[in-house]
Amino acid sequence: MNNHDRPLSPHISIYRWPVTMVTSILHRATGIAMAAGFIVLVGWLFDAASGPEVYAKFLGVMNSTLGWILLVGWSYAFFYHLSNGIRHLVWDTGRGLEKEQATASAWFVIVASIVLTAAFWWVAS
Amino acid sequence: MVRHCGVYRAHGSILVGGVMSLRSPLGRVLGLGTAKDGTSHWWGQRVSGIALAVLGLWFAWSLATLSGFSYPEAVAFISQPVNALLLLLLSITMAWHSYLGVQVVIEDYVHSHGLKIASLLLSRYAHVVLAAAAIFAILKLGIGA
């Protein structure tokens with residue numbers, strides 16, 4: 001008897017991720033990323049209040065390659081968490097909870113987050 | 001939610017729709033559930049989230065349109081009264097929203113009871129320190145300028 005052909009119960013590592021699962025995980029991941037980003041935001045304010053010498057060190061750190069990667073990442077995290085947060089608020093009213101609707105809104109949120117991030121850096125540049 | 005009146009019985013249980021409920025009358029009235037905080041966490045997340053959608057978009061727009069991030073430019077931006085007020089609201093609301101979110105993540109993933117309590121304490125203190133540091137910095141620049 002060949003055991004390999006038997007069906008396995010679905011598990012996180014073996015079945016195709018539904019897009020709604022990706023958006024759910026991303027919501028939490030971007031939230032945690034922004035909790036860390038909040039430290040840098042407060043650092044920006046506090047270092048500005050601490051005088052030009054301290055502020056220059058802050059600028060030096062954030063003006064590095066890693067600094068710019070983090071800033072782009074936090075801008076995406078913000079626009080993703082914002083878009084998907086609005087999706088959650090719509091769900092709170094009892095709307096959009098059907099499977100097809102949730103899948104469609106998941107793709108909408110993914111596209112919106114990329115477009116908003118691109119628009120942000122376009123305005124900034 | 002069952003809104004109609006139950007029939008109170010001598011030993012403290014209550015008949016709801018003809019079925020005996022094991023929940024105490026006080027527990028039913030308070031509506032706090034097993035976690036003892038009712039809907040306050042959920043509701044606080046929504047209140048702070050809606051505020052952050054507005055404050056966050058203002059901040060993103062401000063950063064994107066700021067002429068530069070040199071020391072004089074940053075101080076001029078932060079100390080401008082309307083900006084200082086909105087930065088205060090942003091910092092306080094973000095500390096609150098971030099605390100609520102990190103709390104759920106800790107409760108979900110940290111299973112050891114002692115480590116969970118320690119992490120929740122650390123997170124709460126850290127968020128208070130961050131909020132206080134932001135408030136101090138904004139007021140110092142806003143009032144000092």
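Structure notes:
- Per-residue mean of C-beta atoms belonging to partner chains within 10 Å, peptide B:64-72: 4
- Value at 222 nm in deg cm²/dmol, rounded to 500, when DSSP H runs of n ≥ 4 in chain A each add -39,500 (n - 2.57): -27000 deg cm²/dmol
- Ranked for footprinting exposure by Cβ neighbours inside 10 Å, fewest first, B:Leu139, B:Leu55, B:Leu30 give B:Leu30, B:Leu139, B:Leu55.
- Span-like helix criteria (full DSSP H runs; alpha carbon extent of at least 24 Å along the helix axis; mean Kyte-Doolittle hydropathy of at least 0.0) are satisfied in chain A by A:19-49, A:65-92, A:99-124.
- Residues in the range A:18-50 reached by a label modelled at B:Val105 [backbone nitrogen below 11 Å; 7 Å Cα→Cβ]: A:27-38
- Between helix B:40-65 and chain B: long-axis angle, C-alpha atoms, 0 to 90°, nearest 10: 20 degrees
- The lysines within cross-link reach of B:Lys36, meaning a Cα-to-Cα straight distance under 29 Å and a gap of 8 or more places when in the same chain, are B:Lys116.
- Put a dot 7 Å past the Cα of B:Ile50, heading toward its Cβ, do the same for B:Ser24, and the two dots end up 3.4 nm apart.
- Label positions at B:Lys116 and A:Leu66, each projected 7 Å from the Cα along the C-beta direction, are separated by 3.4 nm.
- Spin-label model distance (nm) - B:Tyr125 vs A:Ile25, 7 Å beyond Cα toward Cβ: 3.4 nm
- A simple charge model with +1 on the Cβ of Lys and Arg, -1 on the Cβ of Asp and Glu and nothing else charged puts the dipole of the range A:41-125 at about 100 debye relative to its Cα centre.
- For the segment A:30-39, counting C-beta atoms of other chains within 10 Å of every residue's C-beta and taking the mean gives 5.
- The long axis of helix B:113-144 is offset from the longest Cα principal axis of chain B by roughly 40 degrees.
- Under the Debye formula (equal points on every Cα, no solvent term), log10 I(q)/I(0) of the range B:40-144 at q = 0.10, 0.19 Å⁻¹: -0.36, -0.97
- Calculated [222 nm] ellipticity per residue, helices only, for chain B: -24500 deg cm²/dmol; basis is -39500 (n - 2.57) per DSSP H run with n ≥ 4, divided by all residues, nearest 500.
Bear in mind these aren't lab numbers, they're just calculated from the coordinates by the rules spelled out. All figures in this text were calculated on a predicted structure; none of them were measured in a lab. Positions of Cβ are backbone-derived with ideal geometry, glycine not excepted, and every protein chain shown enters the neighbour counts.
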